[in-house]
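Taken together, the values in this text are just the output of simple stated rules run on the coordinates, not laboratory data. Predicted model, so just to flag it, every value in this text is computed and none were measured. So basically every Cβ, Gly included, is an ideal-geometry build from the backbone, and we count neighbours across all protein chains shown.
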Amino acid sequence: MRVIKDIKGLVDIILEKERRGRIIDSLLPAWKISDESYSLLRTGRTPVIVIQGYLMKRESMQEVDNALKDAGFAPISFELKRLGKDKDMKTLASELRLFLELFFKNNFNGTKKYARIPAIGFSMGGVLLHYIVRAMDGASFIDRLITIASPINGLKYAILAAPLKNIIRTLRAAYDLWEGSDFIRRLKKKPFPPSCYFVSISSEHDWMAPPESCLLPELPNTKNILLSGMFHSDLPFSKKVKTLIMENLLELSYEKLIKYF
């Protein structure tokens, strides 16, 4: 009888988490977790937030997702129609920040198994994560942020979106990536929390997000990795990039961070 009760209790816990997870989906429909992510979470794997680039679907990060699964992680991917399709960056950041808070309360409330988790962002997705970590206390949830071709310092050519940004909704987020936008200026003023480790991967042959637009300042908790021979859209599918992601996720040494304390 006790075994039956234990099994019933476990089933009830799983069902309750499913129920709360679906509530999150209903509150934030734009940030609906994929069914596969839910399944992997139930196995006890360490979650990793994965955010795609501007106007890209979840499938664009499939290679990164697969590499994470092969390494024993649970990639948390979102069934976004297209990132930045109809919202500006601050709105997207506010929604994702709320999702993270609800996600942690739902999955880790009362435990310290995963005090914080890693996050990976490609292009605009990485800029979004930087804003959350540096401007919205996102380091409470994220302990390691790896960005791929993410122009955190802004882009010169994004000013081209200015004339039509209030008419064409898809240009709102694009304009926010301009180096002179309020969004980027605010982000650049924000510090890099010492409790989070930042890695930026860029390519010298990427004209869409040139290395200087992705460059992190030299700090004990930052690392810049410059590659060559790859264009912007090549990076999420690159075997070299996937290897670098795994190396930096699995790296156990926090000696650089310790210098801060």
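From the phi angles alone, apply the Karplus equation (6.51, -1.76, 1.60; θ = phi - 60°) to region 91-96 and give each ³J(HN,Hα) in whole Hz, x where the residue is Gly or Pro.
Once θ is set to phi - 60°, the couplings for region 91-96 become 5, 4, 5, 5, 5, 5 Hz.
Debye sum, Cα scatterers, region 38-107, no solvent: what log₁₀ I/I(0) at q = 0.15, 0.25 1/Å?
-0.54, -1.19
For H205 and E247 in one chain, what is 0.36 nm times their gap in residues minus the Cα-Cα distance, to one decimal in nm?
Numbers: separation 42, 0.36 × 42 = 15.12 nm, distance 2.29 nm.
Here the segment from H205 to E247 would lengthen by 12.8 nm.
Report the label-to-label distance for R186 and A162 in nanometres (one decimal), using points 7 Å from each Cα along the Cα→Cβ vector.
1.9
Among the listed pairs K156/K240; K32/K239; K190/K242; K85/K223; K156/K188; K90/K165, give every one whose C-alpha distance is greater than 20 Å.
Numbers: K156/K240 28 Å; K32/K239 28 Å; K190/K242 29 Å; K85/K223 31 Å; K156/K188 15 Å; K90/K165 14 Å.
The answer is K156/K240; K32/K239; K190/K242; K85/K223.
Amide H neighbours of I51 under 5 Å, counting only residues 5+ apart in sequence or on other chains, H built in-plane at 1.01 Å?
Here I120, G121, F122 satisfy the definition.
From the Cα gyration tensor of region 46-205, with a ≥ b ≥ c the square roots of its eigenvalues, which class applies: rounded if a/c is under 1.5, or else prolate if a/b is larger than b/c, or else oblate?
Here region 46-205 falls in the prolate category.
Need the full-extension length gain, A71 to F231, defined as separation in residues times 0.36 nm minus the C-alpha distance. One decimal, nm.
Details: separation 160, 0.36 × 160 = 57.60 nm, distance 2.59 nm.
Extra length from A71 to F231 when fully extended: 55.0 nm.
Suppose we keep just the alpha-carbon trace of region 132-261; what are its Rg and Dmax in angstrom?
Just the Cα atoms of region 132-261 yield Rg and Dmax of 15.7, 49 Å.
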